[in-house]
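Everything below concerns the one structure shown next.
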Amino acid sequence: METLKSARNGIDIPLVGFGTYQLSAEQAEFCVSEALKAGFRHIDSAEGYNNEEGTGRGIKAAGIPRDEIFLTTKLFPGNKQWGAPEKNYEQTIDSLKNQLQQLQLDYVDLYLIHAPLSELRLEQWTALVELKKSGLTKHIGVSNYNEERIKEILDEGLAKPEANQVEFHPICAQIDLSGYMKENSITPIAYSSLAPLLTWRTEEGQGGEVLAELKQECQGVINEIARKLKVSEARLLLRWGLQHDYCVLTRSSKAERIRENLNVFNFKIPDTDMERLDRLNQDEAFAWAANGLNPMEVAPPLK
Ligand SMILES: NC(=O)c1ccc[n+]([C@@H]2O[C@H](COP(=O)([O-])OP(=O)(O)OC[C@H]3O[C@@H](n4cnc5c(N)ncnc54)[C@H](OP(=O)(O)O)[C@@H]3O)[C@@H](O)[C@H]2O)c1
């Protein structure tokens, strides 16, 4: 499916990726296999999702050649506040090696630091640079890094992150950061594109109820434009991200929705409707809110 592949600032990355957060290992196996069979060629995983073995089995079951799949995964950096030990250089190297074993792969396409939660983040970044040199990952990047956190890396004269994965949807539009990433050729990847939906994370323990009132205020506009364009609200939100030059990630535990979420290349949101959606921005992040934090704002500057 050619429309799925495109370079975003130098990384040849399929524009729509399938995410695996909040899936059990068994669900990840089924859903990743379904997603690949449906045409997804970009899978988003993480050490912290505790399901990489299932994701690996799903990749194997789909029978797609490895070089046709773009696999991203993330380092869990550790976090003092959660009592989770922070990873040093060697532990970061070992993390990817362990993850590759779980995934049953020889390399990943993109390795990210999941969030700037650790004071050892520059040491972790140095390890990612080494992992790229050794070929265990093709590209390296970060996630949940704001401009200040990215500059910490650049100010040390270290290699620039090739990508930054952040929450991005009309209510959380990352305007300044998006501009900064564009200027600096850092590939933008959107997560939780569907957070404005009332159907987002509705199962118990998934945390979708947080900030529900705010969503309801935006629902009218999203619903009206989706109906006018004769597309579902989910497709509208994913398309909005693509038209802002982001790669978008989406996740569903249901085969029908997995297929629906890939169907975003045969319509365009007119400029006037893009502007209406853009006006919903409140710089409000939902994805980590159930944990009581915004990962882009918690890290104090390094001394
Ligand atoms: N770097 C980070 O810190 C970070 C944070 C969050 C997410 N991520 C990545 O980004 C991926 C996507 O984010 P997300 O998990 O928040 O997923 P999402 O795609 O924004 O939303 C998933 C939720 O929406 C529902 N949904 C999916 N398709 C739908 C459709 N067509 N119509 C109505 N509802 C639909 C799903 O329910 P059902 O399962 O019931 O269909 C689920 O509750 C994650 O899986 C993960 O890989 C990264």
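Among the DSSP beta bridges whose two residues both lie in the chain, what percent are antiparallel, rounded to the nearest 5? If we restrict to bridges inside the chain, about 20 percent are antiparallel. The calculated FRET efficiency for the pair Ala159 and Arg227, based on their C-beta separation and a Förster distance of 45 Å, comes to about 0.45. Among the protein heavy atoms of the range 207-293, carbon and sulfur supply 44% of the accessible surface, probe 1.4 Å, non-protein parts ignored.
Between Lys133 and Glu204, what FRET efficiency comes out of the Förster formula 1/(1 + (r/R0)^6) with R0 = 45 Å and r the beta carbon distance, rounded to 0.05? Step by step, r from the Cβ atoms, then E = 0.55. For Glu26, the shell of other residues with beta-carbons less than 14 Å away shows a net charge of -3, using +1 for Lys and Arg and -1 for Asp and Glu.
Accessible area per residue for the chain, computed on protein heavy atoms with a 1.4 Å probe, is 44 Å². Please work out the Cα convex hull volume for the range 53-173 and give it in Å³ per residue. So the per-residue Cα hull volume is 131 Å³.
Residues in the range 80-90 carry Karplus couplings, in order, of 3, 5, 8, x, 9, x, 7, 8, 8, 4, 5 Hz; the curve used is 6.51 cos²θ - 1.76 cosθ + 1.60 with θ = phi - 60°, and Gly or Pro positions show x. Packing here is the average count of other Cβ atoms within 10 Å per residue, and on that basis the peptides 205-213, 292-300, highest first, run 292-300, 205-213. Of the peptides 134-141, 168-175, the order by per-residue mean of other Cβ atoms within 10 Å, starting with the highest, comes out as 168-175, 134-141.
Spin-label model, Asp176 to Ser24: label points 7 Å out along the Cα-to-beta-carbon direction sit 4.4 nm apart. Residue-wise HN-Hα couplings along the range 184-192, as the Karplus relation 6.51 cos²θ - 1.76 cosθ + 1.60 with θ = phi - 60° gives them from phi, are 9, 6, 9, 5, x, 10, 9, 10, 6 Hz; Gly and Pro carry x. Compared with the rule-of-thumb size 2.2 N^0.38 Å for a compact globular protein, the range 174-303 has a Cα radius of gyration ratio of 1.10. Computed over the chain with a Gaussian network model linking Cα atoms closer than 10 Å, the most mobile of Arg121, Arg149, Arg227 is Arg227.
Taking 0.36 nm per residue of separation and subtracting the current Cα-Cα distance, fully stretching the chain between Glu256 and Glu147 would add 35.5 nm.
The values are calculated or read from the model by the stated rules, or taken from the named source; none is laboratory data. Just so it is clear, the model here is predicted, and its values are computed rather than measured. Cβ sites come from the backbone with ideal geometry, for glycine too, and all protein chains shown count toward neighbours. Surface accessibility is based on the protein's heavy atoms, side chains included, excluding ligands, DNA and RNA. Shrake-Rupley method; radii C 1.70, N 1.55, O 1.52, S 1.80 Å.
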